[in-house]
Amino acid sequence: MDTAATTDNVVTVEYVGDVALICIDNPPVNATGYPVRAGLDAALKEITAGGTAKAIGLYCAGRTFVAGADIREFGKPPREPILPAVLNSIEQNPTPVIAVIHGTALGGGFELALSSHARVAIEGARVGLPEVLLGILPGAGGTQRLPRLTDIPWALEVILSGRQVSAAEALEKGAIDRITTGTPRDVAIAAAQEVIAGTLPTRRTCDLQVTPDDQVLEDAAAMLKAKQPHLFSPLKCVEAVAASTGPLDAGLKFERQAFFDCIETPQRSGLIHAFFGERAVSNIPEAKGPTRPLESIGVIGGGTMGSGIATALLTAGYAVTLVEVAQDGLDRGVATITKNLDGAVSRGKMSAQKRDAALSKLLPTLKMDDLAPVDMVIEAVFEEMAVKKEIFTKLDTICKPGAILASNTSYLDVNEIAAATARPQDVIGLHFFSPAHIMRLLEIVVADKTAADVTATGFLLAKKLKKVGVRAGVCDGFIGNRILAHYRLVADYMVLDGASPEQIDHALEDFGFAMGPYKVGDLAGLDIGWATRKRKAATRDPEQRYAGTIADRICEQGWFGRKTGKGYYLYDTGAPVPNPGALRIIDDVRKEEGSLEHPFTDADIVDRYMTAMIVEATRVVEDGTARRPVDVDMVFLFGYGFPRFRGGPLHYADTIGAKTLIERIEHYAQEDDYYWQVPALLRKMAADGTTFADLNKES
Ligand code: CAA
């Protein structure tokens, strides 16, 4: 998909009687990069000049019809012929063009079909305009032609959701003309012959009129302003669809400008980084080697995590042996799994039949010995090294040779856990995120002695569970929780120094986080952090400023957040309001500690919070805990609610630049030079002008 690639053989023309066939063959997904656009243009000219064809069948080789523009070209100078011009000339072509869709016709691919004179889908095909998910809008006539073929409400919903539409639904709405079976080439020949015979009608989309629907457009704009206030491109989509009621030329012009407005935004770059990042994390040698057999999996622990993991495994079709120590715990685990699966059925994500099939593969047991035949065990008991070691020692005697022994630890040393067995090569960390059947992140924690095929099987499992598997090295908290432990402190420092929890939450929600850190704390339960602080009290470095006094005192009141109705906020009156009791504690602690209170703007809060996150994320890359910056970014997008349109902490860091980040850190260090230290890697990047994006390319 190199833009400098030749156009040779990417688009070919063939004649079968008075039918001309155009075939696009541009693996992997037939994206409309330069060779395809130039090839289509040349093919049309060649066929017109030949003058013998009465109809043109347009189809694709390989796994799919065109799945869109070549996303890698965005942000580079456009190269003629541009896609909208090619599609206009298809629409105006004197000989009718029939698009034959197999696989997924997405974005520019669906737009190619919309500009053709008839659309025939092969069973199983899907269509859609997913551009909004990449921070842009359909820029080759999609916002103008889809409403012409269907109607404004449906077209707008498809464009704003970016969803893939089944061929059946597209047929019902008029977006395609027929569904059939066969190979793309055979269907193209047959459909073109039918057009010539007059049994498959053709029309020019540009000749159709759109019925105005101002109310739907206004409602959509109001909904977007309320629910997606940060996003730029969805509103542009609404404006472009509104323009479809006028003449096509004017509408296309409006759409083009809106497309370029979107291309210029950092959101486009963040969302496209997320698209490729999701694929890049498993594009590493360790993920691609031979794997071990994996059909049956044991889960130890029926608590929230264990039940969530078991739900995810059953949904993916694995047989699951669930082990608990007592009958009531086991019953609770089975009940949670059943509730999770029922929830999937009621949300329409799973059929009742599939739920029943999944549940029939669940074996609940109180006997660890029942794990003897399984291919993998995932231990999900509470975070206590002694308990985990005891379990792994037992597993060593019970499990068959070659079984993978995984721990769902979130912080603990996987090397130490592995050393409790005589087979450390079979031990790995698989860190799921709660709720485990919903959250997409899986940290695959590779210990010193983990065998290559065990790591590859971890990636295979992630893929089967439709999760984003990210390789992490062993350290306290791996990638995500280690970075979280660091930047979460800065929020508490800011409260000690004058910002309120509510202001911090508000500033970070405005930045794009779904919830600020104090609301998250109240939701998760403040007692969890309290217990951790007590556990770590003895090993705390006395040089470090202690950030936990306020939270400790809040917990001492029995205020653990939502579950007790009180935390940083009060929850008894619907929407959370700041807890006056917590504010009094904050005031007292500030006075006792003699903190130099000063006002914070929302921008100060975001800068400090993000800089702290970037500092630890840089260290995680520097010491190899994460292989590349993009791995950190995907951990945060898929496990920590980081705003996707910002691409991830280190993609965002590049928008600030290493020099500015260093200036900030050195400025903050004047207040606290223990906490604020410049990572060596950042200094190097500032000196040689490299970015995190460059580091992604190097590895
Ligand atoms: N441009 C460039 N590369 C693309 C691409 C695109 N539009 N779509 C997919 N690829 C690449 C992927 O990065 C991947 O590359 P690697 O193998 O090097 O990792 C490869 O194609 C295969 O993709 P997947 O791994 O995602 O394969 P899949 O079978 O799981 O899914 C797919 C296939 C449904 C097409 C999925 O790739 C997808 O959703 N692609 C994006 C579709 C899209 O957003 N199209 C709109 C583009 S914007 C546009 O068209 C603007 C316009 O209006 C003109």
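Readers should treat all values here as calculations from the given coordinates under stated rules, not as data from a laboratory. Quantities reported herein were computed from a predicted structural model and do not represent experimental measurements. Counting neighbours? That spans all protein chains shown, and the Cβs are built from the backbone with ideal geometry, glycine included.
First check a/c for the range 427-493, with a ≥ b ≥ c the square roots of the eigenvalues of its C-alpha gyration tensor; if it is under 1.5, answer rounded, and if not, answer prolate when a/b is larger than b/c or oblate otherwise.
Taking the square roots of the gyration eigenvalues as a ≥ b ≥ c, the range 427-493 is oblate.
Starting from the range 36-109, pick out the trypsin sites (Lys or Arg not before Pro) whose DSSP state is loop and whose Cβ has at most 15 other Cβ atoms within 10 Å.
LYS54, ARG63, ARG79
May I ask you to derive the FRET efficiency for ASP588 and GLU556 from their Cβ-Cβ distance with R0 = 22 Å, giving the value to the nearest 0.05?
The value I calculate is 0.95.
7 Å from Cα along Cα→Cβ at both ARG535 and ILE438: what's the point-to-point distance in nm?
Taking the simple label geometry, ARG535 and ILE438 are separated by 2.5 nm.
Can you work out the FRET efficiency for the pair ASP151 and THR199, with r the C-beta to C-beta distance and R0 = 25 Å, to the nearest 0.05?
Result of the calculation: an efficiency of 0.40.
Report the percentage of all Cα-Cα pairs in the range 507-572 whose separation exceeds 13 Å, rounded to a whole percent.
Considering the range 507-572, 66 percent of its Cα-Cα pairs are separated by more than 13 Å.
Quick one: if you take sqrt(5λ) for each eigenvalue of the C-alpha gyration tensor of the range 570-614, what semi-axes come out, biggest first, whole angstrom?
So the three semi-axes of the range 570-614 are 24, 19, 9 Å.
Test of understanding: extend the Cα→C-beta vector of LEU596 to 7 Å, then name every residue of the range 660-687 with backbone N under 20 Å from that spot.
From the range 660-687, the list is 663-678.
With the Cα gyration tensor of the range 250-315 in hand, give its eigenvalues times 5 under a square root as the equivalent ellipsoid semi-axes, listed largest first in whole angstrom.
Values for the range 250-315, descending: 43, 18, 11 Å.
Would you kindly state how much longer the chain becomes between THR12 and ASP688 on full extension, computed as 0.36 nm times their sequence separation minus their alpha carbon distance, in nm to one decimal?
Here the answer is 238.7 nm.
Let me check against my output: what whole-number percent is the relative contact order of the chain, with C-alpha pairs under 8 Å and at least 6 apart?
Relative CO of the chain lands at 9 percent.
Between the range 82-117 and the range 407-426, how far is it from one alpha carbon centroid to the other, in angstrom?
55 Å
What number in nm² do you get for the range 48-183 if you take the convex hull of its Cα atoms and divide its surface by four?
8.6 nm²
Round to a whole angstrom and tell me the spacing of the C-alpha centers of the range 14-64 and the range 229-263.
So the two Cα centres are separated by 29 Å.
With all distinct Cα pairs included, what does the Kirkwood hydrodynamic radius of the chain come out to in Å, to one decimal, could you say?
In the chain this quantity evaluates to 28.2 Å.
Over all directions, average the projected area of the Cα convex hull of the range 447-605 and note it in nm².
So the mean shadow area of the Cα hull is 12.4 nm².
How many times 2.2 N^0.38 Å is the alpha carbon radius of gyration of the range 1-93?
My calculation over the Cα atoms of the range 1-93 gives 1.06.
By DSSP, what percent of the beta bridges with both residues in the chain are antiparallel, rounded to the nearest 5?
Once the DSSP bridges in the chain are tallied, antiparallel ones form about 25 percent.
Beta carbons within 10 angstrom, averaged per residue: use that to sort the peptides 335-348, 533-546, 240-253, 170-183, highest first.
In decreasing order of mean packing, 335-348, 533-546, 240-253, 170-183 become 240-253, 170-183, 335-348, 533-546.
Tell me the label-point distance for the pair ASP527, ARG279, using the 7 Å Cα-to-Cβ offset, in nm and rounded to one decimal.
Here the answer is 4.7 nm between the modelled labels.
Restricting to DSSP H runs of at least four residues, report the calculated mean residue ellipticity at 222 nm for the chain, -39500 (n - 2.57) per run over all residues, nearest 500 deg cm²/dmol.
-15000 deg cm²/dmol
If you take every DSSP beta bridge whose two residues both sit in the range 2-264, what share of them, in percent to the nearest 5, is antiparallel?
So the antiparallel bridges in the range 2-264 amount to around 30 percent.
On a full-extension model of 0.36 nm per residue, what is the gain between LYS76 and ALA42, subtracting their alpha-carbon distance, rounded to one decimal in nm?
Gain on extension, LYS76 to ALA42, equals 9.9 nm.
Count the lysine pairs in the range 2-264 whose Cα atoms sit under 20 Å apart, keeping only pairs 8 or more residues apart in sequence or on different chains.
Close lysine pairs found across the range 2-264: 4.
If we count other beta carbons within 10 Å of each Cβ, what is the order of LEU395, LEU137, fewest first?
LEU395, LEU137
Angle check, please: helix 629-639 long axis (alpha carbons) against the longest principal axis of the chain (alpha carbons), in degrees 0 to 90, nearest 10.
Compared with the principal axis, the helix lies near 80 degrees.
Over all directions, average the projected area of the Cα convex hull of the range 285-475 and note it in nm².
9.5 nm²
Viscosity 1.567 mPa s, temperature 4 °C: Stokes-Einstein D of the range 588-699 from its Kirkwood Cα radius, in µm² per second?
Diffusion coefficient, whole number: 86 µm²/s.
Could you work out the Kirkwood radius for the range 224-383, taking every pair of different alpha carbons, averaging 1/r and inverting it, reported in Å?
In the range 224-383 this quantity evaluates to 19.9 Å.
Against the globular-protein guess of 2.2 N^0.38 Å, express the Cα radius of gyration of the range 645-695 as a ratio, rounded to two decimals.
Here the answer is 1.17, to two decimals.
State whether the range 2-264 is rounded, prolate or oblate according to the following rule on the C-alpha gyration tensor (a ≥ b ≥ c being the square roots of its eigenvalues): a/c under 1.5 gives rounded; otherwise a/b larger than b/c gives prolate, and the remaining case gives oblate.
Prolate, because a/c is 1.5 or more and a/b exceeds b/c.
If each residue of separation counts as 0.36 nm, what is the full-extension length gain between THR180 and THR52 once their alpha-carbon separation is subtracted?
43.4 nm
Sort out for me the Cα centre separation of the range 550-607 from the range 358-378, rounded to whole Å.
Here the two parts' Cα centres lie 45 Å apart.
How far is it, in nm, from the label point at ARG545 to the one at ALA485 when both lie 7 Å from their Cα along the line to the Cβ?
2.0 nm
Which value in Å does the Kirkwood hydrodynamic radius of the range 481-698 take, with 1/r averaged over all unlike C-alpha pairs and then inverted?
18.2 Å
Between LYS354 and VAL577, what FRET efficiency comes out of the Förster formula 1/(1 + (r/R0)^6) with R0 = 41 Å and r the beta carbon distance, rounded to 0.05?
Using R0 = 41 Å, I get an efficiency of 0.45.
Starting from the Cα of LYS394, draw a straight line to each of the lysines and keep only those under 27 Å, dropping any in the same chain fewer than 8 residues away.
Partners within reach: LYS361, LYS367, LYS449.
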